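The values are calculated or read from the model by the stated rules, or taken from the named source; none is laboratory data. Bear in mind the structure is a predicted one, so any value in this text is a computation, not a measurement. Neighbour counts run over all protein chains shown; Cβ positions are idealised from the backbone, glycine included.
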């Protein structure tokens, strides 16, 4: 599926967005019993009624429906964006100490009151999008409130960057893990990547000298601390002094980070910085293409020291690969990158899209078989990666 013309590619992406992804989430994700959105649904569409509701899923739903409405102008997306905003602002927001709780129970009561900066970043990202799309100053003010909390409570004034996890009243925690599979370290690439993403989006909604300065500092951290010596992969975990505490890399984060760094530099409107970041972007994208792409066009999950150590193909790295390789093609004009984006899209259409139940499978194993045991909706399974992939490709093609 190498489309001879961008318009044909755009038509296929548009069809996926409007006939599969958005209809699934409009129809399947609403919690008509307790309000907001359901916490978990199996791959074959069985709702888990007592599933907890996570900040990440709910923030990403707010971003998705807001960004979707900007594109579709459909009443369903507008209504669900407002629903997501109301639930985030009225249930997840902590009125006493500020910030957003990490997890609620199915009925909307606080289950995990910790303030994880990764989650605060996604709240900023979603609120800034909602504020812009719907001209909602209260949402922008809430995003700015969270930005200021991160800067005053989580920023490391000595070594730079941001610490990971805090108690409800913003005291440091001993357990700094984002999830059970993460290392208990004070700093991580993943946290900083999404703070960078959030600050870039906030800067467009709220041009401010401090947010611009901190965004510029984050780009510097990726260049000087988070990228490895070859400037092709991101290290994952660090101690307080930025000593590296991990030895692997994930191709999805590498290719996602490549285009998010470009987006951040573009938000700063600094041509010199943008040129520097674009050069890094191409190196990262080229390494992902040379090391991480399988013969079927799909992106492997994880590598270490030049070897593939996890050959599975999850839904979100495929979505990020389409955008990341397309972005590298826009920078370089090299057909190899354009072809890689389209070949990955073909892999998505052939292997990742669930033709029976809708939306995308979470993971495909190395034999090409989907893992039916993994949920279709969960605290981490959401329409942010695949919905954003479609919206980004459509935006980039229409602007060309």
- Filter the range 131-169 for residues that are in contact with a strand residue (DSSP E or B) (Cβ under 6 Å, 6 or more places away or on another chain) and not in a loop (DSSP other than H, G, I, E, B); the one that is surrounded by the fewest Cβ atoms within 10 Å (Cβ to Cβ) is 155
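Of everything in the range 234-253 that's crowded, with 17+ Cβ neighbours inside 10 Å and either without any contact (Cβ under 8 Å) to a residue 12 or more places away in the chain or farther than 21 Å from residue 184 by Cα (or both), which residue is farthest from the chain's Cα centre (by Cα)? Walk me through how you get there before you give the answer.
At the first step, the residues of the range 234-253 found to be crowded, with 17+ Cβ neighbours inside 10 Å are 234-238, 242, 249-253.
Checking the rest, the ones that are also either without any contact (Cβ under 8 Å) to a residue 12 or more places away in the chain or farther than 21 Å from residue 184 by Cα (or both) come to 251-252.
Numbers: 251: 14, 252: 10 Å.
Residue satisfying both the conditions and the ranking: 251.
Residues 39, 35: which one is in a loop (DSSP other than H, G, I, E, B), under 20 Å from the mean Cα position of the chain (by Cα) and at pLDDT 95 or above? Steps first, answer last, please.
Values: 35 fails: under 20 Å from the mean Cα position of the chain (by Cα).
Only one candidate qualifies: 39.
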- Message: Quick test of your reading of the structure: residue 197 fulfils all but one of (1) closer than 22 Å to residue 130 by Cα; (2) assigned to a helix (DSSP H, G or I); (3) over 21 Å from the mean Cα position of the chain (by Cα). Name the failing condition by number.
- Response: (3)
- Item | Tally, over the range 170-209, of residues that are closer than 19 Å to residue 124 by Cα and either surrounded by fewer than 19 Cβ atoms within 10 Å (Cβ to Cβ) or in contact with a helix residue (DSSP H, G or I) (Cβ under 7 Å, 6 or more places away or on another chain) (or both) | 23
- The correct count of residues that are surrounded by fewer than 17 Cβ atoms within 10 Å (Cβ to Cβ) and either within 15 Å of residue 24 (Cβ to Cβ) or without any contact (Cβ under 8 Å) to a residue 24 or more places away in the chain (or both) in the range 354-370 is 5
- Item | Residue list for the range 104-124, restricted to those being within 25 Å of residue 34 (Cα to Cα), outside any strand (DSSP E or B) and in contact (Cβ under 8 Å) with a residue 12 or more places away in the chain | 105, 106, 107, 108, 113, 114, 119, 120, 122, 123, 124
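Residue under question is residue 321, and the condition is that it be at pLDDT 95 or above and either in a strand (DSSP E or B) or closer than 23 Å to residue 18 by Cβ (or both); does it hold? Walk me through it before giving the result.
Details: at pLDDT 95 or above: yes; either in a strand (DSSP E or B) or closer than 23 Å to residue 18 by Cβ (or both): yes.
So residue 321 passes the test.
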- Residues of the range 265-286 being surrounded by 22 or more Cβ atoms within 10 Å (Cβ to Cβ) and within 14 Å of residue 324 (Cα to Cα), which ones? 277, 281, 284, 285
- Query: Looking at 17, 22, 55, 45, which is the one that is surrounded by fewer than 16 Cβ atoms within 10 Å (Cβ to Cβ) and within 19 Å of residue 381 (Cα to Cα)?
  - Reply: 45
- Evaluate the range 210-229: report whether one residue or more is touching a residue at least 60 places away in the same chain (Cβ under 8 Å), closer than 24 Å to residue 312 by Cα and in contact with a helix residue (DSSP H, G or I) (Cβ under 8 Å, 6 or more places away or on another chain). no
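Each row is one residue, and each column tells you yes or no for (1) more than 12 Å from residue 123 (Cα to Cα); (2) touching a residue at least 60 places away in the same chain (Cβ under 8 Å); (3) surrounded by 23 or more Cβ atoms within 10 Å (Cβ to Cβ).
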residue: 62; (1), (2), (3): no, yes, yes
residue: 70; (1), (2), (3): yes, yes, no
residue: 78; (1), (2), (3): yes, no, no
residue: 83; (1), (2), (3): yes, no, no
residue: 88; (1), (2), (3): no, no, yes
residue: 102; (1), (2), (3): no, no, yes
- Task: Can you work out which of the residues in the range 31-42 that are surrounded by fewer than 24 Cβ atoms within 10 Å (Cβ to Cβ) and out of contact with any helix residue (DSSP H, G or I) (no Cβ under 7 Å at 6 or more places or on another chain) is farthest from residue 113 (Cα to Cα)?
- Result: 42
- Note on the structure: Taking the range 305-318 and keeping only residues that are in a strand (DSSP E or B) and in contact with a strand residue (DSSP E or B) (Cβ under 7 Å, 6 or more places away or on another chain), one is left with 309, 310, 313, 314
